[in-house]
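The values are calculated or read from the model by the stated rules, or taken from the named source; none is laboratory data. Quick caveat, the model's predicted, so the values are computed rather than measured. Backbone-built Cβ (ideal geometry, glycine too); neighbour counts: all protein chains shown. Calculation scope for accessible area: heavy atoms of the full protein, side chains included, ligands and nucleic acids excluded. Shrake-Rupley method; radii C 1.70, N 1.55, O 1.52, S 1.80 Å.
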Amino acid sequence: MSVSVAAREQGAPYRIHVEGAFDFSVYREFREAYKGFEKGSDVCVDLSRATYLDSSALGMLLMLREHVGGDQGNIRLQVSDVPEIRRVVEIARFG
């Protein structure tokens, strides 16, 4: 499992890349990825290389949303083609 932040170009959103299983085992790593983001930030969470996603991952996404100021920020998910991941995101209405 890997969580990384891409270098940000001016005016572009922050990009957090998640690869492999997105579950509680990466809690600290995911939290470290966004700790420097400001309120009102635009963030893209790239799940295109994620192979698994569970309810703890949804909780981490909600914590990211809170960190960037709720409705003040803008969070987009780039979802993988794994049907189970798409289904979890849709059922949770995170789409």
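Couple of notes before you dig in:
- Candidates Tyr14, Tyr27, Tyr34, filtered to the one that is of a type in the set (Ser, Thr, Tyr), open to solvent by 50 Å² or more (accessible area, probe 1.4 Å) and touching a helix residue (DSSP H, G or I) at 6+ places or on another chain (Cβ under 9 Å): Tyr27
- With respect to the conditions (1) within 17 Å of Gly95 (Cβ to Cβ); (2) of a type in the set (Ser, Thr, Tyr); (3) modelled with pLDDT of 95 or more, Ser56 falls short on a single one, namely (1).
- All positions within segment 1-50 that are in contact with a Gly (Cβ under 8 Å, 6 or more places away or on another chain) and closer than 15 Å to Gln78 by Cβ: Asp42, Val43, Arg49, Ala50
- The single condition among (1) at pLDDT 95 or above; (2) open to solvent by 30 Å² or more (accessible area, probe 1.4 Å); (3) under 11 Å from the mean Cα position of the chain (by Cα) that Glu66 does not meet is (3).
- Being closer than 19 Å to Val89 by Cα and either among the aliphatic types (A, V, I, L, M) or modelled with pLDDT under 95 (or both) is true of Val26.
- Matching option when the condition is at pLDDT 95 or above and out of contact with any Ser or Thr (no Cβ under 7 Å at 6 or more places or on another chain), among Val89, Val43: Val43
- Taking segment 23-95 and the helices (runs of 4 or more DSSP H) fully enclosed by it, the elements with 3 or more residues that are under 17 Å from Ser4 (Cα atoms) are at 27-34, 55-67.
- Only one entry of Ile91, Ile85 meets the criterion of being open to solvent by 100 Å² or more (accessible area, probe 1.4 Å), of a type in the set (A, V, I, L, M, F, W, C) and at negative phi, and that entry is Ile91.
- Pair list, Cβ < 9 Å and 6+ apart or interchain, from segment 79-94 residues that are basic (Lys, Arg) to residues that are open to solvent by less than 40 Å² (accessible area, probe 1.4 Å): Arg86/Val79; Arg86/Ser80
- Hey, Arg31 basic (Lys, Arg) and at pLDDT 95 or above or not: yes
- Flag if Arg76 is within 17 Å of Ala12 (Cβ to Cβ) and open to solvent by 80 Å² or more (accessible area, probe 1.4 Å): yes
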